[in-house]
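*Asks:* Sending over a structure as structure tokens; questions will come in a sec.
The values are calculated or read from the model by the stated rules, or taken from the named source; none is laboratory data. Given the structure is predicted, the values throughout are model-derived calculations rather than measurements. We place every Cβ from the backbone using ideal geometry, glycine too, and count neighbours over all the protein chains shown.
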Amino acid sequence: MSRNDRVLVVDDELSVRRLIQEVVRKAGYSVFLAENGREAVEKAREIKPAVIVMDIKMPVMGGMEAFEIIRSEQPHTAVILMTAHGTVDTAVEAMKNGAFDYLVKPYNVAELRIILERALQLQSLRDEVTVLRNQVQEKYKLGNIIGKSAVMQEVYKKVGRVAPTNATVLVTGESGSGKELIAKIIHNNSVRRDGPFIKVNCGALPEGLLESELFGYEKGAFTGAVARKPGRFELADGGTIFFDEVGELTPALQVKLLGVLQEREFERVGGTETIKVDVRIIAATNRDLEAMVRNGYFREDLYYRLKVVPIHVPPLREREEDIPLLADYFLRHYAAESHREPPLITAEAAEQLRRHRWPGNVRELANALERAVIMSSGVIGVHDLPGLTADTVQPQVAIPHSGTLRDIMHYVEKQVIDRALKACGGNRGKTAQMLDISRRALQYKIDEHGLGKAVLEGDQSSE
């Protein structure tokens, strides 16, 4: 029995309780009974009903007193009050304080059914919204950013520090690197998490529509404006507005956005009323805004307004050690969506994933693995990863032919680094150049795989 099935009927008259009980049962809901306010409070604590139908005048404890207690303990329970003609004002006052509706005795059964149905539908919608909101918050928890690389650890730290504040954030990075994910995680770990998250794709909206989309418009502001329409800023009030591809804004809109950033107020297109909003701004771009500022394509004052807290999301090729973690996540995710067991991956396919340069970043990896899960028959081979190329020639190693992706990738990485170190005589500078990674990353991997002995047996020179 779900909470949405439960209706509590409260009245000191047995005949009234039985009549409403029959109406509720015929509607297909579970019904519980109480004969005074005190019993209603106790029963509500026990069963947590979706709806309460309760008389106002009762002995021991009246309906109004019971309503106040229940409202404080279960604010989302819909309470329908029953009242005589002489106490209608009391019922109206109760509605102002949160009651769902009221019925005047003697009431009409059809009216009772309609009000009851509306109240139950409202509760069902509320519960659905709660579930969806919990799913969103679970999906965008800070801990859900995948990656153990040093560069991603720095991203975690910045996100964790800035999320609880109201600071404006500029997220930079290549297309597909996860900028929008970072923006949503910041929002969902802030005090604004229950407010709206409104996205504006500055590159997708035509220049002529972008202003009206951002600020809204009044009726008659232009041809086709048949009614007032709120803009994205109004819709984001109390929450976060996310400007994706902010580098695509025209100079005129850059000026207007700067004004909103400074004053937190604007006017609708065709209007004169000043609209004040409380919004947090997060912007993202894959363009070099500093270069655009130098070349006169982006306002310097707007750039610094947006760049209060900059967060750079590194491309996937700069965090190679995160590929196994991300791949394992996507394989499990897409397998679950297809109601399959996560597939195994051959050593050759794992090596292909590791050596590909991923110009499309995490989005490209996700797409490749979604396709591979769909097309494979339980084992992913190189033929299931068409279009992936290995730009960097690596030492050939003997590797196992199957196993979990993480185990294979760990084994392959260790063998490749070991062979490269020996080929370079232990010279870490040459080895890092050969593997196309930084010296710092190479040293981290040497320590992680316990390969220090290989370096000591070699040249030991650092350059």
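*Asks:* Considering only region 269-289, how many residues are more than 26 Å from the chain's Cα centre (by Cα) and within 14 Å of GLU248 (Cα to Cα)?
*Replies:* 2
*Asks:* Related question: Picking from ARG332, ARG363, ARG354, ARG371, which residue would you name as being in a helix (DSSP H, G or I), of a type in the set (Lys, Arg) and in contact (Cβ under 8 Å) with a residue 60 or more places away in the chain?
*Replies:* Result of the check over ARG332, ARG363, ARG354, ARG371: ARG363.
*Asks:* Take the residues in region 69-107 that are β-branched (Val, Ile, Thr) and in contact with a Phe, Trp or Tyr (Cβ under 7 Å, 6 or more places away or on another chain), then tell me which one is modelled with the lowest pLDDT.
*Replies:* My answer is THR83.
*Asks:* Might you check whether a residue that is touching a residue at least 24 places away in the same chain (Cβ under 8 Å), touching a strand residue (DSSP E or B) at 6+ places or on another chain (Cβ under 7 Å), part of a helix (DSSP H, G or I) and assigned by TED's automatic domain parsing to the domain that holds PHE197 occurs anywhere in region 275-283?
*Replies:* No, region 275-283 contains no residue that is touching a residue at least 24 places away in the same chain (Cβ under 8 Å), touching a strand residue (DSSP E or B) at 6+ places or on another chain (Cβ under 7 Å), part of a helix (DSSP H, G or I) and assigned by TED's automatic domain parsing to the domain that holds PHE197.
*Asks:* Output yes when any residue across region 256-263 is touching a residue at least 60 places away in the same chain (Cβ under 8 Å) and closer than 23 Å to ARG299 by Cα, and no when none is.
*Replies:* yes
*Asks:* How about region 8-60: which of its residues are aromatic (Phe, Trp, Tyr) and without any contact (Cβ under 8 Å) to a residue 40 or more places away in the chain?
*Replies:* Listed by number, the list holds a single entry, PHE32.
*Asks:* Determine, yes or no, whether LEU235 is at pLDDT 90 or above and surrounded by fewer than 19 Cβ atoms within 10 Å (Cβ to Cβ).
*Replies:* yes
*Asks:* So which residues in region 412-427 are touching a residue at least 24 places away in the same chain (Cβ under 8 Å) and out of contact with any Ser or Thr (no Cβ under 6 Å at 6 or more places or on another chain)?
*Replies:* Those that are touching a residue at least 24 places away in the same chain (Cβ under 8 Å) and out of contact with any Ser or Thr (no Cβ under 6 Å at 6 or more places or on another chain): VAL412, GLU413, LYS414, ILE417, ASP418, ARG419, LYS422, ALA423, GLY425, GLY426.
*Asks:* In addition: Kindly provide the set of residues from region 430-463 that are small (Gly, Ala, Ser), at pLDDT below 80 and surrounded by fewer than 17 Cβ atoms within 10 Å (Cβ to Cβ), ordered by number.
*Replies:* Answer for region 430-463, where residues must be small (Gly, Ala, Ser), at pLDDT below 80 and surrounded by fewer than 17 Cβ atoms within 10 Å (Cβ to Cβ): SER438, GLY452, SER461, SER462.
Per-residue answers, yes or no, for (1) in contact with a strand residue (DSSP E or B) (Cβ under 8 Å, 6 or more places away or on another chain); (2) of a type in the set (S, T, N, Q):
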| position | (1), (2) |
| --- | --- |
| ALA252 | no, no |
| LEU258 | no, no |
| GLN262 | no, yes |
| GLU273 | yes, no |
| THR285 | yes, yes |
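*Asks:* Can you give me the number of residues within region 284-321 that are farther than 29 Å from PHE222 by Cα and in contact (Cβ under 8 Å) with a residue 24 or more places away in the chain?
*Replies:* 24
*Asks:* To continue, here is another question. Can you tell me which of (1) in the same structural domain as SER177 (by TED's automatic domain parsing); (2) surrounded by 15 or more Cβ atoms within 10 Å (Cβ to Cβ); (3) among the β-branched types (Val, Ile, Thr) is the one THR250 doesn't meet?
*Replies:* Failing condition for THR250: (2).
*Asks:* Select from region 311-336 the residues that are buried (at least 21 other Cβ atoms within 10 Å of the Cβ) and among the basic types (Lys, Arg) and list them in ascending order.
*Replies:* ARG319
*Asks:* Can you pull out the residues in region 266-285 that are surrounded by fewer than 18 Cβ atoms within 10 Å (Cβ to Cβ) and not β-branched (Val, Ile, Thr)?
*Replies:* If the condition is that a residue be surrounded by fewer than 18 Cβ atoms within 10 Å (Cβ to Cβ) and not β-branched (Val, Ile, Thr), then GLU267, GLY270, GLY271, GLU273, LYS276, ASP278 are the ones that fit.
*Asks:* Can you name the number of the only condition in (1) part of a helix (DSSP H, G or I); (2) surrounded by fewer than 13 Cβ atoms within 10 Å (Cβ to Cβ) that LEU112 fails?
*Replies:* With (1) part of a helix (DSSP H, G or I); (2) surrounded by fewer than 13 Cβ atoms within 10 Å (Cβ to Cβ) applied to LEU112, the lone miss is (2).
*Asks:* What's the total number of residues in region 59-117 that are more than 23 Å from VAL23 (Cβ to Cβ) and among the hydroxyl-bearing types (Ser, Thr, Tyr)?
*Replies:* Residues that pass the stated criteria total 2.
*Asks:* Can you confirm whether region 254-264 contains a residue that is in a loop (DSSP other than H, G, I, E, B), at pLDDT below 90 and surrounded by fewer than 17 Cβ atoms within 10 Å (Cβ to Cβ)?
*Replies:* The answer is yes, given that some residue of region 254-264 is in a loop (DSSP other than H, G, I, E, B), at pLDDT below 90 and surrounded by fewer than 17 Cβ atoms within 10 Å (Cβ to Cβ).
*Asks:* Could you name every one of the helices (runs of 4 or more DSSP H) located completely within region 1-83 that has at least 2 residues being within 16 Å of TYR102 (Cα to Cα), in the same structural domain as TYR102 (by TED's automatic domain parsing) and more than 40 Å from the chain's Cα centre (by Cα)?
*Replies:* 14-26, 63-73
*Asks:* Among the residues in region 112-135, are any charged (D, E, K, R), in contact with a strand residue (DSSP E or B) (Cβ under 7 Å, 6 or more places away or on another chain) and modelled with pLDDT of 75 or more?
*Replies:* No, region 112-135 has no match at all.
*Asks:* For region 196-232, which positions are among the aromatic types (Phe, Trp, Tyr) and surrounded by 14 or more Cβ atoms within 10 Å (Cβ to Cβ)?
*Replies:* PHE197, PHE215, TYR217
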